[in-house]
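Working notes for the structure below.
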Amino acid sequence: MRKVVLTYGTFDLFHIGHLNLLNRLRELGDFLIVGVSTDAFNEGKGKKTIVGFEDRLRIVSSLKCVDLAIPEESWDQKISDIKKYGVSIFGMGHDWEGHFDELKSYCEVVYLPRTEGISTTAIKKTLQVIDKTHIDDLKKALDLISSIVDRFD
């Protein structure tokens with residue numbers, strides 16, 4: 001009997017941390033299923049993605065370590081997915097530690113370490129420097145500085 005592993009995530013701005021986590025999860029079993037959060041589900045959680053759902057699903061689906069990628073449309077689908085796919089292990093990054101312990105009555109639950117020094121949140125913060133609203137703020141600040149300098153001329 002094969003050992004099925006299940007995880008979920010947004011996987012926006014796919015990076016080496018995502019790949020490391022998925023590879024480690026795949027090593028725990030024979031078949032890895034990855035639920036990719038839909039844009040609508042992320043919006044409901046107050047999250048805005050840069051890469052759209054269809055592209056994120058295609059990226060995750062194309063990985064050698066992933067056997068099946070499915071849409072994650074709600075918090076509640078985890079139990080039904082565990083039952084539907086005969087999941088042996090549910091795994092997430094350690095930053096979710098304790099959040100899914102209620103699933104232990106359906107399968108083993110593991111929380112794996114994340115890759116140090118990389119996260120989508122950190123990448124997005126770096127990208128904010130070039131975000132249009134930040135550029136507009138910088139222009140306003142430069143205009144203010146220019147007007148102050150003009151007073152001294």
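The values are calculated or read from the model by the stated rules, or taken from the named source; none is laboratory data. On a predicted model such as this, the values are computed, not experimentally measured, just so you know. Glycine gets a Cβ as well: all are built from the backbone with ideal geometry, and neighbour counts include every protein chain shown. Accessible surface is based on the protein model in full, side chains and every heavy atom, while ligands, DNA and RNA are left aside. Shrake-Rupley method; radii C 1.70, N 1.55, O 1.52, S 1.80 Å.
For residue 50, indicate whether it is hydrophobic (A, V, I, L, M, F, W, C), farther than 20 Å from residue 100 by Cα and open to solvent by 40 Å² or more (accessible area, probe 1.4 Å).
Considered against the rule, which asks whether it is hydrophobic (A, V, I, L, M, F, W, C), farther than 20 Å from residue 100 by Cα and open to solvent by 40 Å² or more (accessible area, probe 1.4 Å), residue 50 comes out as yes.
Can you pull out the residues in the range 17-64 that are polar (S, T, N, Q), under 18 Å from residue 89 (Cβ atoms) and at pLDDT 95 or above?
23
Going by what's in this entry, would residue 91 be described as at positive phi and touching a residue at least 60 places away in the same chain (Cβ under 8 Å)?
Judged against the criteria, residue 91 is not a match.
Given (1) loosely packed, with under 12 Cβ neighbours inside 10 Å; (2) part of a strand (DSSP E or B), where does residue 64 come up short, assuming only one miss?
(2)
With 84, 78 as the choices, which residue is crowded, with 18+ Cβ neighbours inside 10 Å, modelled with pLDDT of 95 or more and out of contact with any strand residue (DSSP E or B) (no Cβ under 6 Å at 6 or more places or on another chain)?
Numbers: 84 fails: crowded, with 18+ Cβ neighbours inside 10 Å.
It is 78.
Given 33, 79, 70, 50, which one is in a loop (DSSP other than H, G, I, E, B) and either in contact (Cβ under 8 Å) with a residue 60 or more places away in the chain or within 23 Å of residue 107 (Cα to Cα) (or both)?
Details: 33 fails: in a loop (DSSP other than H, G, I, E, B); 79 fails: in a loop (DSSP other than H, G, I, E, B); 70 fails: in a loop (DSSP other than H, G, I, E, B).
One residue alone meets the criteria, 50.
If residue 96 satisfies all but one of (1) on the phi < 0 side of the Ramachandran plot; (2) modelled with pLDDT of 95 or more; (3) open to solvent by 20 Å² or more (accessible area, probe 1.4 Å), what's the number of the condition it fails?
For residue 96, the exception is condition (2).
Please state which one of 104, 132, 124, 139 is at pLDDT 75 or above and among the basic types (Lys, Arg).
104
Could you count how many residues in the range 18-30 are open to solvent by less than 10 Å² (accessible area, probe 1.4 Å) and touching a residue at least 60 places away in the same chain (Cβ under 8 Å)? Don't jump to the end; show me each part of the working.
Looking only at the range 18-30, we keep the residues that are open to solvent by less than 10 Å² (accessible area, probe 1.4 Å), and these are 22, 25.
Checking the rest, the ones that are also touching a residue at least 60 places away in the same chain (Cβ under 8 Å) come to 25.
So the count comes out to 1.
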